[in-house]
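Structure record follows, encoded as structure tokens.
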Amino acid sequence: MSDPAMARYFTLQLVRASGAVLVLLGVMMQAGKGPAFLNGLPPIVGFVLAAVGLVDFFFLPRMLARRWRTPD
């Protein structure tokens with residue numbers, strides 16, 4: 001991948017996907033249906049994961065795009 005625009009696009013998509021996964025894990029933990037390796041954690045961890053995932057999904061791609069914007 002020599003095109004920087006393509007690399008940035010895939011980076012933004014990876015950030016959005018990781019945010020969605022974090023939200024899903026957080027909600028699953030709150031419902032008590034989380035994966036086995038997260039079963040011993042307190043329920044507040046699920047809330048924190050979901051909150052971090054929402055920030056990751058909605059705000060981090062915008063911040064990256066603003067940082068990568070071409071100056072006027």
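Annotation for region 9-72: trypsin sites (Lys or Arg not before Pro) lying in DSSP loop with at most 15 further Cβ atoms inside 10 Å of their Cβ are K33, R69.
Applying both filters, DSSP loop and at most 16 other Cβ atoms within 10 Å, to the chymotrypsin sites (Phe, Trp or Tyr not before Pro) of region 37-66 gives F59.
Quick one: plug the Kirkwood hydrodynamic radius of the chain (C-alpha pairs) into Stokes-Einstein at 10 °C, 1.306 mPa s, and report D in µm²/s.
Values: Rh = 13.4 Å.
It comes out at roughly 118 µm²/s.
Here the Gaussian network model covers the chain, with springs between Cα atoms less than 10 Å apart; of A50, A31, A20, A31 fluctuates the most. Once both labels are positioned 7 Å from their Cα atoms along Cα-to-Cβ, the gap between L14 and S2 label points is 2.1 nm.
Which of Q13, G46, G34 sits closest to the plus end of the dipole of the chain, meaning its Cα is farthest towards the positive end, when Lys and Arg get +1 and Asp and Glu get -1 on the C-beta? My answer, from the dipole projection, is Q13.
Distance between the pseudo-spin-label points of V21 and F59 (7 Å out from Cα toward the beta carbon): 2.2 nm.
A short reminder: the numbers here are calculations on the coordinates, not readings from a lab. Bear in mind that the values here come from a model prediction, so they are computed numbers and not experimental data. No Cβ is skipped: glycine too gets one built from the backbone with ideal geometry, and neighbour counts run over all protein chains shown.
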